[in-house]
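Read the figures in this text as sums done on the coordinates, not as results from a lab. Computed from a predicted structure; not experimentally measured. Please note: Cβ atoms are built from the backbone with ideal geometry, for glycine as well, and neighbour counts cover all protein chains shown.
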Amino acid sequence: MSELLVEMARVTKTYRGVHAIRDVDFDLRAGEVHALVGENGAGKSTLCKVLAGAVQHSAGELRIAGEPVNFRRPHDALEHGIAMVYQETSLVPTMTAAQNIELGHEKLLTRFRSLNIGAQQLLQSMNFHVDPTAYVSTLGAAKKQMVEIARALRSEARIVIFDEPTASLTPEETLHLFTVIDELRAAGLGIIYVSHALEESLKIADRVTVLRDGERVACLDAKQTSRDEIVRHMVGRSLGTARAAAPREPGARRRRVLEVENLILGTVVKNMSFSAYAGEVLGIAGLIGSGRTETAKIIAGALKRNRIHGGRVLLNGKPVRYRVPKQAIDDGIVYITEDRKLDGYFETMTIAENLYLGQLASRRGQWWLSRSRRRALAKEWSERLRIKAINADAKIVELSGGNQQKVVVGKSLVADPEVVIFDEPTRGVDVGAIEEIHQLIRRLADEGKAVIVISSYLPEVLAVSDRILVTRFGRTVAEFSRAEATQEKIMYAAIF
Ligand SMILES: Nc1ncnc2c1ncn2[C@@H]1O[C@H](COP(=O)(O)OP(=O)(O)OP(=O)(O)O)[C@@H](O)[C@H]1O
Ligand SMILES: [Mg+2]
């Protein structure tokens, strides 16, 4: 048996008297990957943050390499060789990638050039294509994650914690990351790996610990367990696999709400054309980088198409061109983003306040709500989306990652929009909540809204859509009805 790097015994963390984790036992050996799984709010991030010194535990014992420790800040954990890649990015947006990677390691006289060269080598060794001189604020979600990972590895840790590292990575980038993790394991490091992608966790991990409502319910050998067994431990019941909703009447006449004609943006979006109908879910599949997100952002006023010959967007037959998202929201078009930290919510406000802001952002909703009405609104949406918080006045920062995502969704929907565009709607939400969000998407269509779902996860596209578009290199290249669509056909269209 290899050396025990981490031993946690009966570790408890409470927030304002409520348990985030309770009496949890957990250990990690040198040369192993230990996966941590559980529903949104189960306590995974909390356990990791205790270990990384980002929060202090309320009770219990923590030993690193046999030595009892009590971390007061992340720096203490770092000194014991523990580095963490956070679920919500912790980078400084106004600094470059290289500066972020070197943060806390700067020698007094690191020259700008050598700083960049060092960061470049590190990024390259992991096959991460990020320009070290780029400001973090200009990087997309995937690249930010890469910088975050590089920063953790820069510190030459013996224990590395990954909290949902693959949520914003492409399949190829995920494979890269797995190679990197394999190398770290081979080098004798201990890895803690948190992810909602259970198959993925099983593939990479040696052991799997399952948390439910803050308690450890199982610690399993990855070779001897299965996805289904893990899910049973997670939710305390079996879940069906995503089942397709009842197909709608074929050829039913529907009202065309949104038309997109020959949309063009630089080299990313080229002649994108499609329509969305009331009462229908339109799925958009395609590889990451095929122009789907940019198209959605143009429609929603978050990006500007080419000034001349940039194409047209028509809402109920009328050409529209938004300069800012506010205008689109006023017209009843909302875009629910994958990059929730950036444009999703105000994190120091409560759920009720965020939902109220969602209401205010739209001219369609009532602009004034009494306090009790606001509370009722928060209650209604917390129930609809099953948002789990310690109490009704919890601030967004106090929610788990997956529950924050649900608030973003709720905030966009309170004002009762006519067109709803979801971009990767279930990234970071647990298996049980995925089903809920899919049902919500179907229900929105049943209520008569035009719903567009951009997703890189094909089973998701197949589960929710009435019609499926496939994009490649900024164009739509294929369209399938629900009846004709299969994973193979979509993949084929997306790649060849
Ligand atoms: N700073 C905080 N203040 C109050 N409560 C908190 C705080 N951080 C987390 N919690 C609560 O602790 C519980 C566990 O949260 P945690 O973030 O550990 O969950 P998680 O398993 O990582 O979930 P997810 O899969 O959604 O990321 C949740 O109920 C959450 O609301
Ligand atoms: Mg978390």
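Name the long-range amide H neighbours of ILE21: under 5 Å, sequence gap of 5 or more, or other chain; modelled H, no Pro or chain starts.
Placed amide hydrogens put LYS13 under 5 Å from ILE21.
For VAL217 and LYS203 in the same chain, what is the full-extension length gain: residue separation times 0.36 nm, less their Cα-Cα distance, in nm?
Fully extending the segment from VAL217 to LYS203 adds 3.0 nm.
Show which aspartates and glutamates lie in cross-link reach of LYS297 when reach means a straight Cα distance below 17 angstrom and same-chain residues fewer than eight apart are skipped.
Output for LYS297: GLU259, GLU261, ASP330, ASP331, GLU338, ASP339, ASP343, GLU418, ASP423, GLU424.
Mean residue ellipticity at 222 nm from the helices of the chain, using -39,500 (n - 2.57) per DSSP H segment of n ≥ 4 over the full residue count, to the nearest 500 deg cm²/dmol?
On the way: 17 runs with 167 residues, N = 496.
Value at 222 nm, helices only: -10000 deg cm²/dmol.
Output wanted: per-residue J couplings in Hz (rounded whole) for the range 19-32, from phi through Karplus 6.51 cos²θ - 1.76 cosθ + 1.60, θ = phi - 60°, x for Gly and Pro.
Taking θ as phi minus 60°, the curve returns 6, 8, 9, 9, 6, 8, 9, 7, 9, 9, 9, 5, x, 9 Hz for the range 19-32.
Give me the angle, in degrees from 0 to 90, between the Cα long axis of helix 371-384 and the longest principal axis of the Cα atoms of the chain, rounded to the nearest 10.
The angle comes out near 80 degrees.
So what is the diffusion coefficient of the chain in µm² per second by Stokes-Einstein at 37 °C and 0.692 mPa s, using a Kirkwood Rh over Cα pairs?
138
Given charges of +1 on the Cβ of Lys and Arg and -1 on the Cβ of Asp and Glu, with all other atoms neutral, how large is the dipole of the range 4-235 about its Cα centre, in debye to the nearest 20?
520
Semi-axes, largest first, in whole Å: what does sqrt of 5 times each Cα gyration tensor eigenvalue give for the range 53-193?
That gives 25, 18, 15 Å for the three semi-axes.
Any of LYS44/LYS388; LYS326/LYS406; LYS144/LYS203 with alpha carbons more than 18 Å apart? Name them for me.
LYS326/LYS406; LYS144/LYS203
Would you order LYS388, LYS297, LYS395, LYS411 from fewest to most other beta-carbon atoms within 10 Å of each residue's own beta-carbon?
With the fewest neighbours first, LYS388, LYS297, LYS395, LYS411 line up as LYS395, LYS388, LYS297, LYS411.
If the cut-off is a Cα-Cα distance under 18 Å, which aspartates and glutamates reach LYS379, setting aside same-chain residues fewer than 8 apart in sequence?
GLU353, ASP393, GLU398, ASP416, GLU436
I'd like the distance between the alpha-carbon centres of the range 416-490 and the range 273-332, rounded to an integer number of Å.
A separation of 16 Å, based on Cα centres.
Once the Cα atoms of helix 401-413 and of the chain are each reduced to a long axis, what angle between those two axes, in degrees from 0 to 90 to the nearest 10, is obtained?
20
Return the distance in nm (one decimal) between the two label points of a simple spin-label model at ASN391 and VAL92, each offset 7 Å from Cα along Cα→Cβ.
A separation of 3.6 nm, rounded to one decimal place.
To the nearest 10 degrees, how steeply does helix 141-154 sit against the main Cα axis of the chain, on a 0 to 90 scale?
Rounded to the nearest ten degrees, it is 10.
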